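Since the structure comes first, as structure tokens, the remarks are kept for the end.
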Amino acid sequence: MPPHEFSLPRTHLPERNLDVLRAIAVLLVLADHVFSAIGHDTAGWNWNWALGRLGVLLFFVHTSLVLMSSLERGEFAGGWVPRFYLRRAFRIYPLAIVIILIAALFRLPPHVTSDGTDMVRAYPSLATLASNLLLVQNLTGARDIQGVLWSLPIEVQMYLLLPFCFVLARRSAMAMIAQLLLVLTLGVVLQSALVERVPGLWRLSVFTFGPCFLSGVLAYHLLRRGAAPSAPAWTWPFAILAVAAFFALLRPTSEHPSLGW
């Protein structure tokens with residue numbers, strides 16, 4: 001990176017807007033789990049799943065944008081990439097390991113449902129336990145000891161990629177566009193018949209959510225270029241509601257996650 005890059009002012013993030021976005025994402029995921037536990041009737045499309053999935057996708061966008069700012073703060077000192085990885089590991093692994101060990105020791109069911117379905121109690125195999133502790137279930141094909149942990153492997157793999165995305169986002173608009181196109185292409189490929197034909201391709205499931213991560217990177221790229229807000233702050237909650245309505249209109253599923261992008 002050219003030396004003059006380090007003299008540039010830090011990118012200002014719309015922190016209050018991000019607080020609103022994070023709060024909405026958390027409430028959506030909470031609503032999903034509560035409605036599933038009390039036996040809310042989804043009648044047709046799985047609204048519980050949709051609420052939770054929308055919350056997770058919003059959180060992915062939020063996280064990648066915030067971590068771009070974190071990387072920007074850390075780049076002024078040497079060894080910023082290893083430090084970023086170390087901080088992320090200490091942020092996500094300790095609590096996850098505690099929860100996984102408790103769930104395995106007491107044979108807690110992976111899901112809580114009102115009618116008791118999908119609440120099988122069993123000790124995990126050593127391979128399954130190891131995959132969960134390392135948060136690589138999506139790479140090994142192991143089951144989630146706790147269903148709510150499905151997104152953690154995706155986050156860990158996103159952390160591995162973000163420093164590279166950060167470097168490209170700081171270079172040029174063409175570099176930003178190139179990585180967007182690459183991630184979109186991989187996301188589409190992972191929803192095609194190639195997943196069945198190419199051995200091991202399913203292990204790249206992180207790219208199924210790549211467009212959400214890259215949306216946060218794109219937001220950072222635009223903010224860094226000095227993009228000014230074109231709407232007053234009070235419109236932000238309504239913008240999120242509009243996104244949620246469009247999400248519901250498209251009705252994405254786990255088989256067609258691209259509709260959620």
Which value in nm describes the separation of the simple spin-label points at Leu18 and Ile177, placed 7 Å from the Cα toward the beta carbon? 2.7
Per-residue [θ]222 nm for the chain (sum of -39500 (n - 2.57) over DSSP H runs n ≥ 4, rounded to 500): -20500 deg cm²/dmol
Would you mind counting up the charge near Ser64? Only other residues with Cβ under 15 Å from its Cβ, with Lys and Arg at +1 and Asp and Glu at -1. +3
Charges at C-beta only: +1 for Lys and Arg, -1 for Asp and Glu. How large is the resulting dipole of the chain about its Cα centre, in Debye rounded to 20? 640
Above 17 angstrom, tally the Cα pairs of the stretch 139-189 and express them as a % of all pairs, no decimals. 52
Run a plain Debye calculation on the stretch 164-261 (Cα atoms as equal point scatterers, no solvent) and give log10 I(q)/I(0) at q = 0.11, 0.19, 0.23 Å⁻¹, rounded to two decimals, same order as the q list. -0.44, -1.05, -1.18
How large is the accessible surface per residue of the chain, computed with a 1.4 Å probe and reported in Å² as a whole number? 56
For the chain, what value does the Rg/Rh ratio take when both radii are computed over Cα atoms and Rh is the Kirkwood radius, given to two decimals? 0.97
For the pair Ala37 and His111, how long in nm is the line joining their label points, each one 7 Å along Cα→Cβ? 1.6
For the stretch 156-261, what % of the accessible area comes from carbon and sulfur atoms, probe 1.4 Å? 73
5 Å binning of all Cα-Cα separations within the stretch 61-202, expressed as whole percents from 0 upward: 2, 8, 14, 16, 15, 15, 14, 9, 4, 2, 1
Which percent of the accessible area of the stretch 52-145 is formed by carbon and sulfur heavy atoms (probe 1.4 angstrom)? 70
For Cα pairs less than 8 Å apart in space and 6+ apart in sequence, what is the mean separation divided by the residue count of the chain, i.e. the relative contact order in percent? 22
Based on the mean of other beta carbon atoms within 10 Å per residue, what is the order of 195-206, 232-243, most packed first? 195-206, 232-243
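The values are calculated or read from the model by the stated rules, or taken from the named source; none is laboratory data. Remember, predicted model here, so these are calculated numbers, not experimental data. Note: ideal-geometry Cβ built from the backbone for every residue, glycine included; neighbour counts use all protein chains shown. Ligands, DNA and RNA are excluded from the accessible area calculation, which covers all protein heavy atoms including side chains. Shrake-Rupley method; radii C 1.70, N 1.55, O 1.52, S 1.80 Å.
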